[in-house]
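Quick notes on the structure that follows.
The values are calculated or read from the model by the stated rules, or taken from the named source; none is laboratory data. None of the values given here were measured: they were computed from a predicted structure. Every residue, glycine as well, gets a Cβ built from its backbone with ideal geometry; the counts of neighbours run over all protein chains shown.
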Amino acid sequence: MKQLGTIKVLLVEDDPMVREVNRQFIERVDGFEIIGTAANGIEGFEKINELKPDLIFMDIFMPEQNGVDTLRKIRQENIPIDVISVTAANDMTTIQNILHLGVYDYIMKPFTFERMEQTLQNYRQFKQKMKGVQGITQQELDELMRKGNTEKKVEQSQELLTELPKGFNRATLDKVLNYLRECQTGASADEVATAIGVARVTARRYLDYMEKCKLIKVDIQYGSVGRPINQYYV
């Protein structure tokens, strides 16, 4: 099978700092090239017609024209382009609207490079398998629709968290998880406890439980003196 060429990406994001971070993340993954950026949906739609990208990374909350309206316009005009939503929007109404309009993936801010890298690698594998395919069987279609083992592990971890053990509070668990997502270099139980306002023993219970559910990882760091410190990462 002929190998897939470089995937051309248009980045639509109104925050200049976030746009630059996203650009650096995408360009770290082999086989992807940023061919343009836009600060809002109107500008983004104009660049779609001008640059003909293969893939759009698009925020939802933007001035002048938001991501949902832009995505709706793309679909109404039958533009054959894939979209990955990268946004802080976490309400179910917005999520359902975006999913109904057909995005390849929905990445919530804040996110790690590893999360974006996995999505890009899955997307590239998907496009490679689709390349040159005329007819397809149900089994082949099922394989194409799978997005990789990493997402399956995330789904399994989320299922484990649907019913928390006695004494655990979902709001506290969400605070721990959100704080760790913001910490690119990880955090200790003491740092988590101070950040979210709970006792260290409470923070450690939640961290140990989340690590057991494979929602976070732990790395033991040894200093020159004293006990080793556990650093927790999403």
Checklist entry - Within the stretch 1-57, how many residues turn out to be of a type in the set (Gly, Ala, Ser), surrounded by fewer than 21 Cβ atoms within 10 Å (Cβ to Cβ) and over 19 Å from the mean Cα position of the chain (by Cα)? => result 3
Checklist entry - Can you find even one residue in the stretch 166-181 that is surrounded by 15 or more Cβ atoms within 10 Å (Cβ to Cβ), assigned to a helix (DSSP H, G or I) and among the small types (Gly, Ala, Ser)? => result no
Next on the checklist: For the stretch 185-208, which positions are surrounded by fewer than 11 Cβ atoms within 10 Å (Cβ to Cβ) and within 25 Å of the chain's Cα centre (by Cα)?
Outcome noted: Thr185
Checklist entry - Do we find that Leu120 is of a type in the set (A, V, I, L, M, F, W, C), under 17 Å from the mean Cα position of the chain (by Cα) and loosely packed, with under 14 Cβ neighbours inside 10 Å in this structure? => result no
Next on the checklist: Going by what's in this entry, would Ala195 be described as within 20 Å of Lys109 (Cα to Cα) and either assigned by TED's automatic domain parsing to the domain that holds Val21 or not hydroxyl-bearing (Ser, Thr, Tyr) (or both)?
Outcome noted: yes
Checklist entry - If you take the residues of the stretch 66-83 that are farther than 13 Å from Thr94 by Cα and acidic (Asp, Glu), which of them is surrounded by the fewest Cβ atoms within 10 Å (Cβ to Cβ)? => result Glu77
Checklist outcome for this item: Here the residues within the stretch 97-125 that are assigned to a helix (DSSP H, G or I) and touching a residue at least 24 places away in the same chain (Cβ under 8 Å) are Asn97, Ile98, Phe113, Met116, Glu117, Gln118, Thr119, Leu120, Gln121, Asn122, Tyr123, Arg124
Item to check | Cross-chain or 6+ apart pairs with Cβ under 6 Å, the stretch 126-138 first and assigned to a helix (DSSP H, G or I), then surrounded by 11 or more Cβ atoms within 10 Å (Cβ to Cβ) and at pLDDT below 75 | outcome: Lys129/Leu144
Checklist entry - Among the residues of the stretch 209-234 satisfying the criterion of being of a type outside the set (Val, Ile, Thr) and more than 24 Å from the chain's Cα centre (by Cα), which is modelled with the lowest pLDDT? => result Ser224
